[in-house]
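Each remark here refers to the structure printed beneath this line.
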Amino acid sequence: MSTNTQSNTIDHAIIDTIAKTDPQVAALVRSEAERQEYTIELIASENHASPAVTVAAGTCMTNKYAEGYPGRRYYGGCEHHDSVEQLARDRAKELFGCKFANVQPHSGAQANTAAFMAMMEPGDTFLSLVLKDGGHLSHGMFLNFSGIFYNPVHYALHYDKDHPKHEQIDYDSVRAAALEHKPKMILCGFSAYPREIDFAKFRAIADEVGATLMADIAHIAGLVAAGEHPSPFPHAHIVTTTTHKSLRGPRGGLIMTNDEELNKLINRNVFPGVQGGPLMHIITAKAVAFGEALDPSFKVYQQQVKKNAQALAGAMTKHGFRITSGGTENHLMLVDLTVKDAELTGKEAEKWLEMAGLITNKNGIPDDPRSPMITSGLRLGTPATTTRGFKEPEMEQIAAWIDRVIVAKGDQGTIDQVRGEVRELCERFPLHHATI
């Protein structure tokens with residue numbers, strides 16, 4: 001049985017099971033399955049988990065309270081949960097080359113919360129990149145816990161069109177801000193940054209001012225695991241990530257370190273610090289995903305993710321769009337729409353493209369004058385399209401479709417035509433078919 005046939009059989013079986021009890025919910029799940037099957041996912045933070053990961057997340061492992069850690073639970077009956085959690089830990093440590101891993105965080109934001117609590121006291125100062133320049137809301141946004149309970153200060157990107165590193169991290173700015181503010185912690189790793197991160201430079205600056213270094217690799221975790229992006233180890237004191245983006249696992253978080261004392265603090269701040277019982281069905285799915293990522297085929301996949309990103313960025317440039325920082329070195333890119341049309345907003349482009357079956361997200365570009373709900377750009381990523389089996393020719397076709405839809409300014413005839421062509425391509429590359 002092919003992977004795709006197996007996946008479709010599983011999907012239908014799951015939906016049919018739900019339908020016996022709740023036809024209304026089953027219909028919604030079926031509609032979402034069809035949406036994913038016949039649209040192209042270009043959101044950089046999303047991916048398509050394998051059938052094995054998807055099924056693992058829906059197993060009977062959900063039925064158990066397992067508060068605590070392997071060998072030290074607050075409830076009986078955790079023998080098999082201890083084993084699967086330890087397996088997930090061991091695979092994470094092997095995958096990222098670290099000594100300690102906590103696989104319990106429910107999300108990347110909760111992983112960051114626990115990491116902050118392990119390294120700082122409320123009111124302490126930390127140094128990060130602001131959201132508008134590619135950071136994350138959990139890196140100091142004023143409405144987030146990180147901006148409410150801690151004191152964020154920020155470093156900058158290069159803002160000089162004549163500078164070869166325009167819109168890339170200004171490490172001189174990082175050092176200057178660190179020397180000025182003497183932060184307790186320096187944070188690197190970003191949600192909308194298309195270039196490689198120099199973790200060694202960040203660590204040198206952290207050491208100079210006596211700060212700990214935290215790396216949030218939620219977006220690039222898959223590339224790091226496959227050796228296609230420099231690793232934050234041994235430079236970072238704590239590394240956090242999600243497990244569902246380029247890592248292609250279930251939705252969840254992960255915290256890692258090489259420091260035994262920090263590991264004790266991390267464990268205490270995950271449970272009972274910010275969480276109660278862990279989601280053991282998701283930890284089971286994490287173990288499966290980590291196992292998949294340890295297979296040699298995962299490196300081939302990540303290499304194609306990068307090739308596809310470069311092909312898509314190049315094709316977008318040929319169609320007259322500007323890629324911020326001049327290109328990409330990972331899985332994502334930020335598209336400046338204003339060069340194509342000064343009045344065009346990310347909000348408009350996202351809506352038109354979704355109608356055409358191309359799923360993107362509006363995103364601010366560096367120093368964007370527009371609000372985060374409007375924006376001047378789009379963020380595009382290639383993990384999900386690569387999982388689907390797309391390669392460079394499909395990336396060029398996607399760029400051409402994006403250009404057609406945007407130039408047409410929402411013309412329904414153009415949208416309908418592109419939507420049909422998108423569906424035809426999706427039918428040629430059904431979800432979960434044999435990967436690259």
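Bear in mind these aren't lab numbers, they're just calculated from the coordinates by the rules spelled out. Model, not experiment: these values are computed from the prediction. Using ideal geometry, Cβ is built from the backbone for each residue, glycine included, and neighbour counts are taken over all protein chains shown.
Can you tell me how the range 6-121 classifies by the Cα gyration tensor, rounded, prolate or oblate, using a/c under 1.5 as the rounded cut? Since a/c reaches 1.5 and a/b is larger than b/c, the shape of the range 6-121 is classed as prolate.
In this structure, the amide hydrogen of Arg370, modeled 1.01 Å from its nitrogen in the peptide plane, lies closer than 5 angstrom to those of Ser376, counting only residues at least 5 positions away or on a different chain. In this rough spin-label picture, where each label sits 7 Å from Cα along the Cβ direction, the Lys64-Val153 distance is 4.8 nm. Sites listed here are chymotrypsin sites (Phe, Trp or Tyr not before Pro) in the range 293-380 whose DSSP assignment is loop and whose Cβ has at most 14 other Cβ atoms within 10 Å, and the list is empty. In the range 297-428 the Cα-Cα distances spread across 10 Å bins starting at 0 as 13, 45, 34, 7, 0 percent of all pairs.
Pairs of Cα atoms nearer than 8 Å and 6+ residues apart set the relative contact order; for the range 61-293 it is 28 percent.
A simple rule links phi to the HN-Hα coupling: the Karplus curve 6.51 cos²θ - 1.76 cosθ + 1.60 with θ = phi - 60°, which for the range 272-283 gives x, x, 10, 9, x, x, x, 7, 5, 5, 6, 4 Hz, with x for Gly and Pro.
Can you sort Thr240, Thr386, Thr284 from fewest to most other Cβ atoms within 10 Å of each residue's own Cβ? Write out the running numbers ahead of the final one.
Values: Thr240 32, Thr386 29, Thr284 26.
Ordered by Cβ neighbours within 10 Å, fewest first: Thr284, Thr386, Thr240.
Each residue, Glu208 and Asp90, gets one label point 7 Å from its Cα in the Cβ direction; the gap between the two is 4.3 nm. Give me the log10 of I(q) over I(0) for the range 281-374 at q = 0.18 Å⁻¹, as the Debye formula computes it from C-alpha points; what are the numbers? Cα-only, vacuum Debye calculation for the range 281-374: -0.91.
Listed options for mean projected area of the Cα convex hull in nm² are (i) 21.1; (ii) 30.2; (iii) 23.2. The value calculated from this structure is the one marked (i). Under 5 Å from the amide H of Glu167 lie the amide H atoms of His158, Tyr159, Asp160, each residue being 5 or more positions distant or on a separate chain, with H modelled from the backbone and absent for Pro and chain starts.
Normalised by the number of residues in the range 297-428, what is the relative contact order in percent for Cα pairs under 8 Å and 6+ residues apart?
Across the range 297-428, relative contact order equals 27 percent.
A DSSP coil position with no more than 14 other Cβ atoms inside 10 Å describes none of the trypsin sites (Lys or Arg not before Pro) in the range 282-386. DSSP beta bridges confined to the chain are antiparallel in about 55 percent of cases.
The stretch between Glu427 and Asp341 holds 27.7 nm of extra length on full extension. This uses 0.36 nm per residue minus the Cα-Cα distance.
In order along the range 338-351, the Karplus-derived 3J(HN,Hα) couplings, from 6.51 cos²θ - 1.76 cosθ + 1.60 at θ = phi - 60°, round to 5, 5, 6, 7, 4, 8, 5, 10, x, 4, 5, 4, 4, 5 Hz, and Gly and Pro are given as x. Between the amide H of Phe100 and those of Thr257, distances stay under 5 Å, these residues lying 5 or more places away or on another chain, with hydrogens modeled in the peptide plane. Phi angles of the range 396-405 translate, via the Karplus equation with coefficients 6.51, -1.76, 1.60 and θ = phi - 60°, into HN-Hα couplings of 5, 5, 4, 4, 5, 5, 4, 4, 4, 5 Hz per residue; Gly and Pro are given as x.
Relative contact order for the chain: what is it in percent, counting Cα pairs under 8 Å that are at least 6 residues apart?
Computed value for the chain: 22 percent relative contact order.
From helices alone, the chain scores -14000 deg cm²/dmol at 222 nm; the rule is -39500 (n - 2.57) for each run of n ≥ 4 DSSP H residues, then divide by the residue total.
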